[in-house]
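Worksheet: one structure, shown below.
The values are calculated or read from the model by the stated rules, or taken from the named source; none is laboratory data. Keep in mind it's a predicted model, so treat the numbers as computed, not measured. For neighbour counting, all protein chains shown are included, and Cβ atoms are generated from backbone atoms with ideal geometry for every residue, glycine included. For the accessible areas, the whole protein counts, side chains as well, though only heavy atoms, and no ligand, DNA or RNA atoms are used. Shrake-Rupley method; radii C 1.70, N 1.55, O 1.52, S 1.80 Å.
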Amino acid sequence: MRHLLSIDDLDRTGLEQLLDLSERFIEVTHRDIPKVPALRGKTVVSLFYEDSTRTRLSFETAAKRLSADTMTFTVGSSSVKKGESLRDTVQTIEAMGIDAVVVRHGSAGAPKRISEWIDAAIVNAGDGCHEHPTQALLDVLTLRRRRPSGLDGCRIAIVGDVRHSRVARSDVLAFSALGAEVTLVAPPTLLPESLEGWPVSVCYDLDEVLPNIDVLYLLRIQLERQHEALFPSLREYTSRYGLTAARAARLPADALVMHPGPMNRGVEISAEVADGPVSLIAEQVANGVAVRMAVLYTLLGSGGPVA
Amino acid sequence: MRHLLSIDDLDRTGLEQLLDLSERFIEVTHRDIPKVPALRGKTVVSLFYEDSTRTRLSFETAAKRLSADTMTFTVGSSSVKKGESLRDTVQTIEAMGIDAVVVRHGSAGAPKRISEWIDAAIVNAGDGCHEHPTQALLDVLTLRRRRPSGLDGCRIAIVGDVRHSRVARSDVLAFSALGAEVTLVAPPTLLPESLEGWPVSVCYDLDEVLPNIDVLYLLRIQLERQHEALFPSLREYTSRYGLTAARAARLPADALVMHPGPMNRGVEISAEVADGPVSLIAEQVANGVAVRMAVLYTLLGSGGPVA
Amino acid sequence: MRHLLSIDDLDRTGLEQLLDLSERFIEVTHRDIPKVPALRGKTVVSLFYEDSTRTRLSFETAAKRLSADTMTFTVGSSSVKKGESLRDTVQTIEAMGIDAVVVRHGSAGAPKRISEWIDAAIVNAGDGCHEHPTQALLDVLTLRRRRPSGLDGCRIAIVGDVRHSRVARSDVLAFSALGAEVTLVAPPTLLPESLEGWPVSVCYDLDEVLPNIDVLYLLRIQLERQHEALFPSLREYTSRYGLTAARAARLPADALVMHPGPMNRGVEISAEVADGPVSLIAEQVANGVAVRMAVLYTLLGSGGPVA
């Protein structure tokens, strides 16, 4: 594995190896000094063309815990403003001797194009409406830790704006690869135009699926997109697709709730559910650091033991 | 001590222990390699909802000298813009395994609320018009180093916009706790509406107090607040409350002048005084790093020797 | 050497010693762990009053590879916005115990003034239309590595907006000091008003010089300055001074092409030439890190071996 651009880069075995390695790093993060020298002397640059402090901090925490040096390149303060092309920007970064570039970009496919231009390892940290593979990895890791028997046969509903969600795309691939049965739940306007080839079922009615699922994965409603009028109003969305306490009570007893963050409390999820015992949201964030350590270690490490 | 939210969290003994510890770190900062491994593997995040490079750099320098990892979370580039609540933001930061959060926030009480939500150590780096405890600590440390006999009986005048000053609030508490006699000097419009419970005297006339004080502490006039028309004009303010060279000449021979920075030269303090021998301003900044090392060490350290 | 403010601070011997030291650091950057402990415990602050992620990352990479701690002070998030003077800002930074300040500033002479106010080492990372000495150092290093016989007699044409270019000023000094023959090529409006004392020839016609030079150094056209109407149009500029593939074909067989970046592809240089074998552009960026390591090491190191 030279880059992590898409969950499709990994088969089931590759996915499981990354998850097993992530478990090793969860153990590291619980040590008194949660650092290993594995990537000492390596430099990881965060190249973020869209704001995301949450994802950037998670990657930088991961890199620092591997003893790598980190630097941030945000578009607001860059020569991008001076009209430099993406290609020249990344070739310049590489020429400085950077080992890995963590890329967040508004255009689907940007990380892949970058990987064709330079030799450094590229990690896709979200590209347009395409993919967000480390989010999917931390999601499957979080679920697997709660289901020692694995994800085979696990019934997962992904609810919300699937159409514009890179998280949904990556999660569908990862959940399916590990044997889960995925149902997309959304109004037709928030589903992709074609689902050909997606290994999923579709349901327009959240209340119908509630009693028969093991995991409810709620997507973030991107309020900044609301002018596109994909649904009549937030209140309407919440009344049909929001996970209220009343709806949560209709889930099976051992069902779990996930959300990639940041949450719109009171829109796609009620505060009561978000903070309640069925919510895996904090675990998802915590596991994100370990997963990103595993990814960086795999891409940049010498292959030796984690130590 | 689990957090540093207010000077009120510390009694006189607690204050003096922190100051003694700060002296140890002043010694560290004078070494050829001014670093100790005390906080290796700890991560300190600066969560700044208001700009303050000066305070942020001081905390980050302190953290790095203790061998901690540091990360910055500024509101401009964060999911806060996406509408995430303060609570979700800090719970996310904590879930990544952060050990301490240094918080600057425009609302009084924000750091305290955060400390109720998460387990990480919280350091108040300025909250609204409420407090700025590390500023007060560095101020008393700076004074104590100049007065080996201590602050008992030391006559300190705090001059300026006390009403909106978190520095003034924290300084009054710290100076008083160590036995100093504090006088607030300002026009009535710049004093708090009620001073009930404040261990201070009040005087509206700077010229009256000048001959009888040991320390003149000048607050910054926040020019961005001037539209509130709390005084007729800057020139008027300077003519009545600015420390000109003429006024400085009327101070007792061994009086000292302090300012928390950044200064408005020619407004609350003349350049001649700011750069003169009575000014402790550069010492305040230098001691700020040592004080913040002491605070982070106390909150996150194992309790072992400084080394 | 206490500061690096201008190429004029260095005589030929001084220049060559810095270049020799840079070669040592090129060797370091090729190691498995490209770090040396030389500046452990030192702190380097980037004080950037103008955006330049490219230059800032290069300096920070250099500092980290010397094991120094780095911090960034950008004007957008600083007390500068609150009206603090440059002098107070840098005195504050120094009081925190910083060892070196890397300064980018819009005003010619700002780094020199700073060096008069504080004791920390100052590195000029570009000041107005004055100088950019580390750019010149990396340029001569890059050329010297390609010409083992040295720069004596090397015919270099610097093409473009010399008038507003700090790179041109520093490069003229460095190239000349090492024995090269420099020709400035530009329309009269883009040349300095007076060239008295500049050790250069001038030519208004790029096509005339093409067959008789060893190195073509293309300056960036600063599109943001175009409203000043220094030339009729970009297309006109490109037609007369742009290095198209056709023009490149008329260069001597072993001629080399340089550019300080970021490039305007299709304006001062065609993509074909920029990415072709005569282009040293990526080498310039790579050598920039080594040169900046050499500068920081010279200013802050103990004088011991590089290790």
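When each of the peptides C:121-128, B:64-71, C:201-208, B:266-273 is scored by how many other beta carbons lie within 10 Å of its residues on average, the order from highest to lowest is C:121-128, B:64-71, B:266-273, C:201-208. With K and R counted +1 and D and E -1, the other residues having a Cβ less than 13 Å from that of residue C:149 yield a net charge of +1.
Here residue C:276 yields copy-to-copy label distances, from shortest upward, of 6.9, 6.9 nm, the label point defined as 7 Å from Cα along Cα to C-beta. For chain A, the longest principal axis of the C-alpha atoms and the axis of helix A:12-29 are separated by about 80°. Shielding of peptide A:88-94 by partners, expressed as the average count of other chain Cβ atoms within 10 Å per residue Cβ, is 6. When its C-alpha radius of gyration is set against 2.2 N^0.38 Å (N residues), the stretch A:133-282 gives a value of 0.95.
When the accessible area of chain B is computed with all protein chains present and a 1.4 Å probe, what percentage of it is carbon and sulfur? So the carbon and sulfur contribution to the accessible surface is 49 percent. Each other copy places its own label point for residue A:13 at 6.6, 6.6 nm from this one, sorted shortest first, where the point lies 7 Å along the Cα-to-beta carbon line.
In the assembly of identical copies, residue A:107 has its label point, taken 7 Å from Cα in the direction of the beta carbon, separated from the corresponding points by 4.0, 4.0 nm (ascending, one decimal). To the nearest ten degrees, helix A:133-146 and the longest principal axis of the Cα atoms of chain A are 60 degrees apart. Buried accessible surface for the A/B pair, both sides summed and rounded to the nearest 100, is 2200 Å² with a 1.4 Å probe. In the stretch C:17-66, comparing the full protein assembly with the chain on its own, the residues that lose 40 Å² or more of accessible surface at a 1.4 Å probe are C:33, C:35, C:40, C:41, C:51, C:53, C:54, C:57, C:61, C:64, C:65. Over the stretch B:157-238, how many percent of alpha carbon pairs lie in each 10 Å bin up to the one with the longest distance? The calculated distribution, bin by bin, is 17, 54, 26, 3.
The Cα-based radius of gyration and maximum Cα-Cα distance (Dmax) for chain A are 19.3, 56 Å. With the convex hull drawn around the C-alpha atoms of the protein assembly as shown, the volume per residue stands at 192 Å³. Taking the Cα of residue C:50, stepping 7 Å toward and past its beta carbon, and measuring to each backbone N in the stretch C:119-159: which are under 12 Å? Under cut-off, by backbone N: C:125-133. For the stretch B:1-156, the fraction of C-alpha pairs more than 25 angstrom apart is 33%. Among beta bridges identified by DSSP and lying wholly in chain C, the antiparallel ones come to about 5 percent. Of the cross-linked pairs A:35/A:112; C:64/C:112; A:35/B:112; A:35/B:35, those separated by over 21 Å at the C-alpha level are A:35/A:112; C:64/C:112; A:35/B:112. Near residue A:286, once Lys and Arg are set to +1 and Asp and Glu to -1 for all other residues with Cβ below 11 Å from its Cβ, the sum equals -1. Angle of helix A:53-65 to the longest C-alpha principal axis of chain A, folded into 0 to 90 degrees and rounded to 10: 50°. Backbone amide hydrogens, once placed in the peptide plane, bring residue C:256 within less than 5 Å of C:215, C:216, excluding anything fewer than 5 places away on its chain. For residue B:243, the amide hydrogen comes within under 5 Å of the amide hydrogens of B:269, B:270, counting only partners 5 or more places away or on other chains and with H modelled in the peptide plane.
Heavy-atom accessible surface of the stretch B:133-282, averaged per residue, reaches 39 Å², computed with a 1.4 Å probe.
Considering helices alone, the calculated mean residue ellipticity of the protein assembly as shown at 222 nm is -11000 deg cm²/dmol, with DSSP H runs of length four and up weighted by -39500 (n - 2.57) and normalised per residue. Across peptide B:285-296, the mean count of Cβ atoms from other chains lying within 10 Å of each residue's own Cβ comes to 2. Each residue of the stretch C:264-278 was assigned a 3J(HN,Hα) from its phi angle through the Karplus curve 6.51 cos²θ - 1.76 cosθ + 1.60 (θ = phi - 60°); the sequence is 9, 4, x, 9, 7, 8, 7, 4, 4, 6, 4, 9, x, x, 7 Hz, with glycine and proline shown as x.
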